[in-house]
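Participant: Before I ask anything, let me first share the structure, which is written out below as C-alpha cells.
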Amino acid sequence: MDLAMPDAAARLSALRAVLASAGVDGFLVPRSDEHLGEYVPPGGERLAWLTGFTGSAGMAVILADRAAVFTDGRYTTQVQAETDGSLYERRHITEEPPEAWLREHAPGARIAYDPWLQSEGTLKRFTGVQLVPLSANPIDAIWTDRPAPPATEVRVQLPEHAGMSSEAKREAAAAQLRAAGEDACLLADAHSVAWLLNIRGRDLSHTPLALAFALLHADGSVRMFLNAPERVPAATRAAMGNRVSVEPREEIPAALRQLKGRKVRIDADSTPAWFAATLREDGATVVAGEDPCRLPRAMKNETEQQGARNAHLRDAVAVARFLSWFAAEAHRGGQTEMSAAARLLSFRREVEGFVAESFPAISGAAENGAIVHYRVTPETDRAIAAGECYLIDSGAQYPDGTTDITRTLWTGPGAAPAGLRQRYTAVLRGHIALSTVRFPEGVAGPHLDAIARRPLWGFGLDYDHGTGHGVGSFLSVHEGPVSFSRAAKVVPIRTGMILSNEPGYYLPGQYGIRIENLLLTRSAEPQPDQVRPFLEFETLTLAPYDRALIEPAMLSPEERRWVDAYQARVLAEVGPLLDAPTGAWLAEACAPL
C-alpha cells in the first residue's frame, strides 16, 4: 500500500489536483500497460491502484465532479465489492461504454489520456470530446511507491517446443511486408515479439513473457527494445542470430526517426497511439495493417499441437489427483477456497515441466462461484461446506503448452438438488454441442457462440461472458484473434487454433456453474457430396464431469454416448499414470452414465 495515500479517496483527490493543474477536464485510466495486454506487471496496475478494482478488463473515467469504473459481465459483482460507490459509478462496459458516458456527462470536455496506454483504434471511439495526449501519466506522478519495471532473464523457447525457427518466422512475416510494399512493422504486443523470436521470460506472474517492443524490417531483420538489455544472456542472443539486435527501450525514439520517408505498418488496435503519432511527426508514412504475427501465432504448428496434447495429459494427472482428494474431503469440512486452490497447485508443482499457473485459480464455493472471475483473498476466503456447489477454474504453464480447465463440483454427500442438476446439465449440453459441431471453413467464433447457449436459452437463462477464448502455446491463456463471443470480431477459425469451450450459468448469491475444456481445431473427414472443406474440434482437456450434477434423463442418446465416450477416454489415457487409490476413484468417476 502507498503509505502516503492509503485510501481511494485520497488518491482520486490527488489525481484530480494534477489534472486541474494540467488544464484538462478529465482522464482515461485503462487496465492495460504499454503493451496493451490483459495481464500487466505490478507497476502497470494503475487502474487497481487508483480505484481498487483488480479485474483483468476495465477502464475508469475521471472527471472533476464524478468518476466511473467500466467493466464487463465477468466482473459485475467484483467491481461492486472492490470499489467505493461514493467515489465511482459502476457501469457495464458494453451496455454503457465509456465514450457514451462521456458524451452524456462531459460533452466537449478536454479529456486527457496517456498515449502509451491507448490504441488509436480505442481513441477513435471517443467522439464528442476533445482528446488531449499527455507526455507523462499523472497517476505515475502521485504513485510514490510504484514498483519498478520487471527485468527477468530472457530465455530461448527451444526448437522441440517452438516447432519453427525464428529465422523462418521472421522471413514469413517480412514477406508479408514486402508483398504490401511496406518497409517495416512496429510490434508492441509482447506475445508477438516472443513468438517471432522464440523467446520467453518471467516478467509477468502467469504469462511467460519478456515485455519487449520490436521493429520488424522487410528484409527480416529485427530490432528488439526492452528495459535492461543485459538480461538477454549470450546464449539467447546467439539463438536469435546476428540479424536481431537487442537495444534499450530508450532507443525507440531514435529508431523511429530513422524511418523517415518509409512505410511502417501499425496495428491500430494493438499498438499504443504514441507510436503512430511519433512516426508521423518524424516523416514516416503510417500504414494501418494487421500484426503479421497475430494469426500465425494462433495457428499452432504440428509440434505445438502435439506439445499441447502432451501438456494436457500431464496436467490431467494433477487434476485427477485433486478431484479425487476433493471428493474425499469436501463434505467433511475443514477446507476453504484458498486451501483447495493451494492443494491443486501443490499437485501441479509435482508435474514434469510445470512453470507456473496460467492465471490465479478461480476457487469459488456456493455464492462466490457466481462471481465469474472471483479471486479469493484472505479476507473473502470461505469455508467449503457439505451440500453445495464449488467451482474451480485453473490452468498451468508448461514449456510445451498452456492449460485452462474448469470443473463445477458437488461437495456431497448424496445427489445434488433437482433444480441444480437441471441447470448443470443444460450447461453440459451446450458444452457438448460446441465440442461436437462440424462447420465449414470461413465460420468465425461469433457464428458458433449461440450453439453453446441454446440449451440454457430453452429455460430462459443465459450467461454474461463469451463462450470461449483462444489459448497460446506457452504464452497467454487468453489469445486472439478468435473467440466464441457475440462481441468478437468476425475472424475465421482455422486449423491449429486452440480455443476454450466454457459455457456457464450463475445464480447470484447462490452458486455458479461453468464447464471448460480446451479444443484444438482440425480438418474434418469429408462427407458424401461435401463441396467445401469442413473443420471440427479435438478435445485436449482430460478430466471427468461430476456425475452428481448430471441429470441423465435430460441428455439425448447422442449426448449420453458422447459423455460416456469422453469419460472412457479420460480413464484410458489418464488412469495408467495414476497411483492405485486415485486410479480407483477415476474408474468410478468415469463409469458410463
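Participant: List the strands (runs of 3 or more DSSP E) that sit entirely inside region 35-135 and contain at least 2 residues that are open to solvent by less than 20 Å² (accessible area, probe 1.4 Å) and touching a strand residue (DSSP E or B) at 6+ places or on another chain (Cβ under 8 Å).
Facilitator: On the way: elements: 59-63, 67-71, 89-92, 110-113, 130-133.
The qualifying strands (runs of 3 or more DSSP E) are 59-63, 67-71, 110-113.
Participant: I'd like to know if region 375-394 contains one or more residues that are open to solvent by less than 20 Å² (accessible area, probe 1.4 Å), within 21 Å of the chain's Cα centre (by Cα) and small (G, A, S).
Facilitator: There is at least one residue in region 375-394 that is open to solvent by less than 20 Å² (accessible area, probe 1.4 Å), within 21 Å of the chain's Cα centre (by Cα) and small (G, A, S).
Participant: Of the residues that sit in region 395-418 and are open to solvent by 40 Å² or more (accessible area, probe 1.4 Å) and closer than 26 Å to G458 by Cβ, which one is modelled with the lowest pLDDT? It would help to see each step written out before you state the result.
Facilitator: Applying the first criterion (open to solvent by 40 Å² or more (accessible area, probe 1.4 Å)) to region 395-418 yields 413-415, 417-418.
From what is left, the residues that are closer than 26 Å to G458 by Cβ are 415, 417-418.
Values: A415: 85, P417: 97, A418: 97.
The qualifying residue modelled with the lowest pLDDT is A415.
Participant: OK, next. So E379 fits all but one of (1) touching a residue at least 24 places away in the same chain (Cβ under 8 Å); (2) farther than 16 Å from L409 by Cα; (3) not hydrophobic (A, V, I, L, M, F, W, C); what number is the exception?
Facilitator: For E379, the failing item is (1).
Participant: Let me ask you something else. Among what's in region 487-535 and is of a type in the set (D, E, K, R) and out of contact with any strand residue (DSSP E or B) (no Cβ under 6 Å at 6 or more places or on another chain), pick the residue that is farthest from C389 (Cα to Cα).
Facilitator: Filtering region 487-535 down to residues of a type in the set (D, E, K, R) leaves 489, 494, 502, 514, 516, 522, 525, 529, 532.
Imposing the further condition that a residue be out of contact with any strand residue (DSSP E or B) (no Cβ under 6 Å at 6 or more places or on another chain) reduces the set to 489, 494, 525, 529.
On the way: K489: 34, R494: 36, E525: 39, D529: 47 Å.
Checked region 487-535; the qualifying residue farthest from C389 (Cα to Cα) is D529.
Participant: Just to verify a result, which residue in region 329-340, among those that are farther than 15 Å from C389 by Cα and not in a loop (DSSP other than H, G, I, E, B), is least open to solvent (accessible area, probe 1.4 Å)? Walk me through it before giving the result.
Facilitator: First, pick out the residues of region 329-340 that are farther than 15 Å from C389 by Cα: 334, 338-339.
Filter once more, so that each one left must be not in a loop (DSSP other than H, G, I, E, B): 338-339.
Values: M338: 73, S339: 39 Å².
Ranking the candidates gives S339 first.
Participant: For region 180-223, which positions are of a type in the set (V, I, T), outside any loop (DSSP other than H, G, I, E, B) and within 20 Å of the chain's Cα centre (by Cα)?
Facilitator: V193, I199
Participant: Residues in region 254-308 that are open to solvent by 20 Å² or more (accessible area, probe 1.4 Å) and of a type in the set (D, E): how many?
Facilitator: 5
Participant: If I filter region 157-174 down to residues being open to solvent by less than 50 Å² (accessible area, probe 1.4 Å) and not in a helix (DSSP H, G or I), which single residue comes out as nearest to R309 (Cα to Cα)?
Facilitator: The residue in question is G163.
Participant: Look through region 136-153, keep the residues that are acidic (D, E) and touching a Lys or Arg at 6+ places or on another chain (Cβ under 8 Å), and return whichever of them is surrounded by the fewest Cβ atoms within 10 Å (Cβ to Cβ).
Facilitator: So in region 136-153, the residues acidic (D, E) come out as 140, 145, 153.
Next, only the ones that are touching a Lys or Arg at 6+ places or on another chain (Cβ under 8 Å) stay: 140, 153.
Working: D140: 12, E153: 14.
Residue satisfying both the conditions and the ranking: D140.
Participant: Another one. Output the number of residues of region 330-379 satisfying the condition of being in contact with a Ser or Thr (Cβ under 6 Å, 6 or more places away or on another chain) and of a type outside the set (A, V, I, L, M).
Facilitator: Count: 3.
Participant: Which residue is farthest from L535 (Cα to Cα), if the candidates are limited to region 421-471 and must be of a type in the set (D, E, K, R) and open to solvent by 30 Å² or more (accessible area, probe 1.4 Å)?
Facilitator: Step one: filter region 421-471 for residues of a type in the set (D, E, K, R), giving 421, 423, 429, 438, 441, 449, 453-454, 462, 464.
Now restrict to residues that are open to solvent by 30 Å² or more (accessible area, probe 1.4 Å): 421, 423, 429, 438, 441, 454, 462, 464.
On the way: R421: 32, R423: 29, R429: 20, R438: 6, E441: 6, R454: 21, D462: 27, D464: 27 Å.
So the residue we want is R421.
Participant: Okay, next question. T77 - would you say it is in contact with a Ser or Thr (Cβ under 7 Å, 6 or more places away or on another chain) and among the β-branched types (V, I, T)?
Facilitator: Working: in contact with a Ser or Thr (Cβ under 7 Å, 6 or more places away or on another chain): no; among the β-branched types (V, I, T): yes.
Spelling it out, it is not the case that T77 is in contact with a Ser or Thr (Cβ under 7 Å, 6 or more places away or on another chain) and among the β-branched types (V, I, T).
Participant: Within region 224-249, restricting attention to residues that are open to solvent by 30 Å² or more (accessible area, probe 1.4 Å) and touching a helix residue (DSSP H, G or I) at 6+ places or on another chain (Cβ under 6 Å), which residue is nearest to H35 (Cα to Cα)?
Facilitator: For region 224-249, the residue satisfying everything is N227.
Participant: If the Cβ limit is 9 Å and pairs must be 6+ apart or interchain, which residue in region 461-482 that is in contact (Cβ under 8 Å) with a residue 60 or more places away in the chain and at positive phi pairs with which residue that is among the β-branched types (V, I, T) and part of a loop (DSSP other than H, G, I, E, B)?
Facilitator: F474/V355
Participant: Something else about it: Is it true that V319 is at pLDDT below 95 and buried (at least 24 other Cβ atoms within 10 Å of the Cβ)? Walk me through it before giving the result.
Facilitator: Values: at pLDDT below 95: no; buried (at least 24 other Cβ atoms within 10 Å of the Cβ): yes.
So V319 fails the test.
The values are calculated or read from the model by the stated rules, or taken from the named source; none is laboratory data. Just so it is clear, the structure is predicted and the values come from calculations on it, not from any experiment. Here the Cβ is made from the backbone with ideal geometry for all residues, glycine too, and neighbour counts use every protein chain on show. With ligands, DNA and RNA removed, areas are computed over all heavy atoms of the protein, side chains included. Shrake-Rupley method; radii C 1.70, N 1.55, O 1.52, S 1.80 Å.
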